[in-house]
Every structure is written in structure tokens, then in C-alpha cells.
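The values are calculated or read from the model by the stated rules, or taken from the named source; none is laboratory data. Every value quoted in this text rests on a predicted model; they were computed, and no experiment measured them. Here the Cβ positions follow ideal geometry from the backbone for every residue, glycine too, while neighbour counts run over all protein chains shown.
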Amino acid sequence: MADNIFLGREPLIGGVLIDRRRMVRAAERLLARLGVMIAPDTRIAGLRVGEQQLVEIAKALSLNARILIMDEPTSALSSSECDTLSKIVRQLAREGVAIIYTSHRIEEVLELADRVTVLRDGRRVVTARIDELSRGAIISAMVGREMAANERGATARDGAVVLSVQDLTLDTLGPHGWRRMLHGVSFELKRGEILGIGGLLGSGRTEILESIFGVARGWRTGSIAIDGAAVDISSPSDAYHLGIALVSEDRKERGLHLAASICDNVALPSIGALARFGLRTFARERALAADMIKRLSVRCTGIGQQAAALSGGNQQKVVIGKWLATEPRILLLDEPTRGIDIGAKQEIYRLIFDLAAQGLGIIVVTSEMPELLLLSDRILVMCEGGQTGILARENATQETVMRLAAPGMANWSQEAAS
């Protein structure tokens, strides 16, 4: 991490050799300022998206710039990391730093901005002081219409258990030896239920989904059962054939082939099922892609458009569509609305509710607390690799979730989840 933070600006000894000790100490100070407790010599490739985001922010802070442009700086951060960053932004502003802050999160804009400019379809819609605009006015300017409230219909509380996870444990090998990422995680998922997973960055949320889908790096123990039958999932292929789909947290790195067309991306997981006599059937693939574009309201020029040319929200719809095309029974969603505008968020929320109503069992990992509370029938809260409670929808508040998620507070908070 230290190399990335000071790339091209490394402190030197005698103007010749890199002073690594001084560079590491400076990186430690910057990371501590952001609340990142990771060794500065950790490789970037081994970090989660949210952790990489914090390294980027540390790099920006190291420049001591007078003008700082922050493009979606909290898109991959949890609530506590967002709070820390907000304090730093306000402090920098008090010190005279001019900040351009781009965000899809309305709450951040209302909290931090002095003035707001709203863009839509590449055009400036409005510029005004923050005290002149309400939350509703900002949203209307962004999407061009009033947004209807998301409402969840009746939930499937009495549905059959489609997924059972018992005593899930995951150990991973890192630069400093073996580390326990998960320990003793147990839960059930019912048909038609949306189970949310909350917790701070690095709490093990993503590792749960990756373990279920067979892509977790390391040694996994514990048992997984589908419809009451024990299963062995050691690869995505195993998960696919069991009716499990995973929408990963980083759509550009793991969810899409950006250089390929919408059609190729949607058809990719289903090529085998669509083939005849071992040969691809392009007509079927095109029909499947066209159906998903229509079903998910993907805004594009056609199924041949390159995925890289789509907006973030439409890229996310393509990722979800390619997995829905496999007709899964269990859908795992990791940060499903990260980095997309509020209009696309609303559409994805409605899609998730509709899929649950159709009987899919859905697990959602999200760093946005309002989203977690909105979507979830129950919330599994994680802290430092272990579960600290499962909250029913009616008992879940931001305070109860955060008490269970925060280290040092989780032990005495578990009674609130029982």
C-alpha cells in the first residue's frame, strides 16, 4: 500500500535510494487517520474493493492539495468509514481546501456540501446552495421525476428453508500467515426471503457469499445444505448446477467482460444450456439477451452494445440479468447498488422485491444502512468474522445493527438480537 500511496513521490536518501522506512511511517499515519488498521506493506491485490478505496483516499490526502476532487469516495465504504471520511472532508474544508465531491448518496451531499450542482444526461440541471434545495428536489432533478416510495409486499416468513449454513469457518493464507476470516457462522434462508448481511468493512460479509458460491480463497469448513440435502460446493460450477448465482461486489473486475457485448455477457453463464450438439446457438443467445434487456429495462442501443459503454446502473442490470438467465433458486447480491444513481437504485430495489415474491431466496450484502433496513426481512450482523446476532425486520434499527457490528460493543449487544 505504501508504494501506491507515494508512487512517483517516494522519499529518497541522498536523492538516490528510496527511504522505505520513512515512506512506511508516513503511510501508517495516513492510514491511521482514515481508521485503516492494515499493514502498509500489504499488497493492493489482496485488499477488498473498500480497502482499496481507502488507500486511494490516503494517496489523495498525502498530496496536501489545495483543490481536491473526490469521485464517489464512499461507494465501497461502510457507515463507520463514511463517518470518518466525512470528518476529514469537513476538516480539510476548514483548512481552506476546495473540494469537488461527486456522490450518488443524497445524505452525504446534504451533510457535506455548501453548493450543489445536479447533472442529468450530461447536462447541468440545477446549481444552488444546499439550504435552497430539499432532498426531494435533488432527487427529482437527478431522475427527472418524483420517485415513488419502495414498498415490500407480504414476506414469505413461512416458506420452506432453501439454504442452511452451519458452523461456516474460513481460514485464508496472507503475507503474515494464516488468518481466520469467518468462524462459527450459521443461518437459514427461506424461499421468498431477503436476508441482509450487515457489518463493517472486513467483517466477513463478502466471504460468506464467496464461501457459498465456491470462490472463497482459503480453507473452508462447516456444512451447507440446499433444500435439506447436504452439498459440497468447491467451485462456481458446483454452485451453478445447484441453482446458486452470485452478483459480485466489483462488477467491472468480476461481473462483466467490459470489452464484450451485452449479448455475450448475458449469455456467458448459459452458453452450455443454450448449445445444441455442443455448438453455440447464436439465435438463442440473442433472444435471451433481448429478453433480459426488456425485462430489466436496460437502457442501451441494442444487444450488440459494448458493456463498457453502459452507465453504472445499466452495467449492474446486465450482471444481474446474466445470472437471472440461469434461473437460480438462490441469489447472492454483494453491494448490488454500489456506484449507481438513485433512479437505477429504485429499479433494482423493485426487481429484488419482485424476485423474492416469485420465491427466490435472496441474500444481500450492503454497506448502506438505509438500504439494508429497507430490503431485509432479517439481518445477519457480522463483526470480525463472527456473527453477533440475527435481527427480525421489526427489531432492526441503525442503532441495533451498529451496536452488533462494532468491535467491543457486540458482546453486550447480542441480547438485543435474540
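Couple of notes before you dig in:
- Qualifying residues in the stretch 148-182 (those that are in contact with a strand residue (DSSP E or B) (Cβ under 6 Å, 6 or more places away or on another chain) and among the charged types (D, E, K, R)) - the one modelled with the lowest pLDDT: ARG179
- Evaluation of TYR101 against (1) outside any strand (DSSP E or B); (2) closer than 21 Å to THR337 by Cβ (one fails), failing number: (1)
- The condition (being touching a residue at least 60 places away in the same chain (Cβ under 8 Å) and under 30 Å from GLU368 (Cβ atoms)) is satisfied by just one residue among ALA39, ALA27: ALA39.
- Those residues of the stretch 232-249 which are buried (at least 16 other Cβ atoms within 10 Å of the Cβ) and charged (D, E, K, R), in sequence order: GLU249
- Strands (runs of 3 or more DSSP E) (entirely within the stretch 207-264) containing at least 2 residues that are in contact with a Gly (Cβ under 9 Å, 6 or more places away or on another chain): 219-226, 244-247
- Within the stretch 62-89, the set of residues being over 22 Å from GLU335 (Cβ atoms) and either in the same structural domain as THR206 (by TED's automatic domain parsing) or surrounded by fewer than 17 Cβ atoms within 10 Å (Cβ to Cβ) (or both) comprises SER62, LEU63, ASN64, ALA65, ARG66, ILE67, ILE69, LYS87, ILE88.
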